[in-house]
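Here the structure is laid out as structure tokens; the discussion comes afterwards.
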Amino acid sequence: MKKKILLHGLMLVATVAALWLTYKALSQFSLEDIKTSLSAIPASGFALSLCFCALSYLCLTGFDYLGLLYAGHRLEWRKAAIASFSSLAIGHNIGLAALSSGAVRYRYYARWGLKTEEIAKVILFCGSTVAIGLIALAGICLVLLPESAAKLGGMGKDLAWWLGLACLGLIGAYIVCCFVFRGTVRLFKWRFTLPEGTIGIMQVLVGIANFASVAACLHWLARASAGYFETTTAYVVANLSALVAHVPGGLGVMEATISFLMGKDASIGALIAFRVVYFFIPLPLGALLLAVSEYRAWKARRTEDEADVRDVRMVSH
């Protein structure tokens, strides 16, 4: 009970902090400034951002599909896609994504025959893919364009390059471990099973593709002097900050971090449009999909109950 109260208290503090950060990010702009900034986004940029948003959510379905393979339970991709989109469209906005999206995933996968342990493996796999994708993409940005990363991160060019190399080395070591170590692996107090080598490689690729798509979604809305890799680096840092903060959808944290790192290259209109495109538009679609699924499941249970009642009456007669 105390842990639950503490968790709710932390969520309340995080939400208040998020609202404060949002206020700080927006207070320096008038309503007219925001309208002007939004109207400056070209229709082509908005359309491309929607395409990359859709591509990101498509990549996210790969998280679940590979997670199911890792858990040893095969489901058709269509079902994995439904569970993935519904859970993440809702989880991205609620915050504490591992718990909120995990609860939605449980509703789907339990209904489709997965055991609790298998569902936990899928959730763990998806969460680790987020971390792997962020680390790998950060490594690519730091190695390919250390000057941009150094400018954004306030570090030296050489340090940025070596840090990127360390990130890529960590990912490389993970892939090697997937091929070499079979069975349960112990790391300090934790025990876990690494995926097969092929699944590990696909996990890295789909993780990179997802965050590269999200960064492209933001980039096409900003369309400022900052290049794609600069936008990507800023987004990776902002996403890590949002994950640590655990506020709903990274509200305020992501905008404040990107504004700080990119300065005038990240207009307030682009940041607002990005949140609408990537967070707010998928939310009602995911909620509707979940509601339809729950209704169908309820209807199926009701039909089964009515059939059982008829069978009992026939036997009694």
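The values are calculated or read from the model by the stated rules, or taken from the named source; none is laboratory data. Small disclaimer: the values here were computed from a predicted structure and weren't measured. Note that we place each Cβ from the backbone using ideal geometry, even for glycine, and neighbour counts take in every protein chain shown.
The figures follow:
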quantity	calculated
Boolean, Asn239 is at pLDDT 90 or above and within 30 Å of Pro42 (Cα to Cα)	no
Elements of type helices (runs of 4 or more DSSP H) in the stretch 106-192, at least 1 residues being acidic (Asp, Glu) and modelled with pLDDT under 80	146-153
Residue within the stretch 194-213 that is crowded, with 21+ Cβ neighbours inside 10 Å, over 22 Å from Leu124 (Cα atoms), at pLDDT 70 or above and among the aliphatic types (A, V, I, L, M) present	no
Boolean, Trp220 is at pLDDT below 95, on the phi < 0 side of the Ramachandran plot and buried (at least 19 other Cβ atoms within 10 Å of the Cβ)	yes
Candidate set: the stretch 43-69, residues that are in contact with a Leu (Cβ under 9 Å, 6 or more places away or on another chain) and modelled with pLDDT under 95; chosen: the one nearest to Phe211 (Cα to Cα)	Ser49
Inter-residue pairs, beta-carbon under 7 Å, first farther than 17 Å from Arg111 by Cβ and of a type in the set (Ser, Thr, Tyr) and in the stretch 63-78, second at pLDDT 90 or above and part of a loop (DSSP other than H, G, I, E, B), 6+ apart	Tyr70/Pro195
Top-ranked residue in the stretch 265-295 [being small (Gly, Ala, Ser) and in a helix (DSSP H, G or I); ranked as surrounded by the fewest Cβ atoms within 10 Å (Cβ to Cβ)]	Ala291
